[in-house]
1. Counting only residues that are part of a loop (DSSP other than H, G, I, E, B) and either hydrophobic (A, V, I, L, M, F, W, C) or assigned by TED's automatic domain parsing to the domain that holds Thr17 (or both), which one in region 62-85 is farthest from Leu98 (Cα to Cα)?
2. Just checking, how many residues over region 56-113 are within 26 Å of Asn22 (Cα to Cα) and among the β-branched types (Val, Ile, Thr)?
3. Based on what the data block shows, is Val111 aliphatic (A, V, I, L, M), in contact (Cβ under 8 Å) with a residue 40 or more places away in the chain, in contact with an Asp or Glu (Cβ under 8 Å, 6 or more places away or on another chain) and assigned by TED's automatic domain parsing to the domain that holds Leu175?
4. Taking region 166-191 as the region of interest, how many residues are assigned to a helix (DSSP H, G or I) and touching a residue at least 60 places away in the same chain (Cβ under 8 Å)?
5. Can we say Asp59 is among the charged types (D, E, K, R), in the same structural domain as Gly139 (by TED's automatic domain parsing) and within 16 Å of Asn172 (Cα to Cα)?
6. What is the residue count in region 112-126 for residues that are among the charged types (D, E, K, R) and over 10 Å from the mean Cα position of the chain (by Cα)?
Amino acid sequence: MTIKDSPEKWEIRGTGTPFVGNKTSVRTDDVVMPDGTVVHRDYQVHPGSVAVLALDDADRVVVLRQYRHPVRQKLWEIPAGLLDVAGENPLHAAQRELYEEAHVKAEDWRVLTDVYTTPGGCDEAVRIFLARGLSEAEGDRFEVEHEEADMELARVPVEELVRGVLAGELHNNCLVVGVLSLVAARTGDGLDALRPAQAPWPARPFEV
């Protein structure tokens, strides 16, 4: 048996959008189950996101600490952001987020992994990139506002992040998945064997 996710569409008898927000919305679908019953499924409709695990030559990861109101915590995270424009190239979005949040640029980009963050209640898809060959970005720093105005930046050794993840001290989805994927890639075929930065992404198709 091949262990691989596959696309599938079940019949939808009706759909509605009871809430529309600034960036996301909530949709209600009437979905036909295999036994023929019809059930309501509510879920958040999300444009998709990108995240960047930026690794420097000292084996440290660029992380930031930011307040997240839904969970009432300041979380350590890797740079990330929404795909604000339909069909936007995720690599370009990731490069923008790394510049805006960390004022850093990178020479080498790879796809680290692709994930659905909470597929039971949200259709958000995230592409996590590995960025290496870091250097300070040119030009003025991006002007931040709201939660980002209180953001802290740091570079933390990979081994310290792994320890924090396994100890239950770090909880951000992209940081956890990104750091553990990095370790797994190193013990497998190596980082240079990762997919190219422009690898297809069926969850959020884009133009190169």
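1. Only one residue tops the list, namely Val85.
2. Within region 56-113, the first condition is being within 26 Å of Asn22 (Cα to Cα), and the residues that meet it are 64-102.
Adding the requirement that they be among the β-branched types (Val, Ile, Thr) leaves 71, 78, 85.
Summing the residues that are within 26 Å of Asn22 (Cα to Cα) and among the β-branched types (Val, Ile, Thr) in region 56-113 gives 3.
3. Considered against the rule, which asks whether it is aliphatic (A, V, I, L, M), in contact (Cβ under 8 Å) with a residue 40 or more places away in the chain, in contact with an Asp or Glu (Cβ under 8 Å, 6 or more places away or on another chain) and assigned by TED's automatic domain parsing to the domain that holds Leu175, Val111 comes out as no.
4. 9
5. Details: among the charged types (D, E, K, R): yes; in the same structural domain as Gly139 (by TED's automatic domain parsing): yes; within 16 Å of Asn172 (Cα to Cα): no.
In short, no.
6. Kept after step one, since they are among the charged types (D, E, K, R), are these residues of region 112-126: 114, 123-124.
Keeping just the survivors that are over 10 Å from the mean Cα position of the chain (by Cα) gives 123.
Of the residues in region 112-126, 1 are among the charged types (D, E, K, R) and over 10 Å from the mean Cα position of the chain (by Cα).
The values are calculated or read from the model by the stated rules, or taken from the named source; none is laboratory data. Given the structure is predicted, the values throughout are model-derived calculations rather than measurements. Note that each Cβ is placed from the backbone with ideal geometry, even for glycine, and that neighbours are counted across all protein chains shown.
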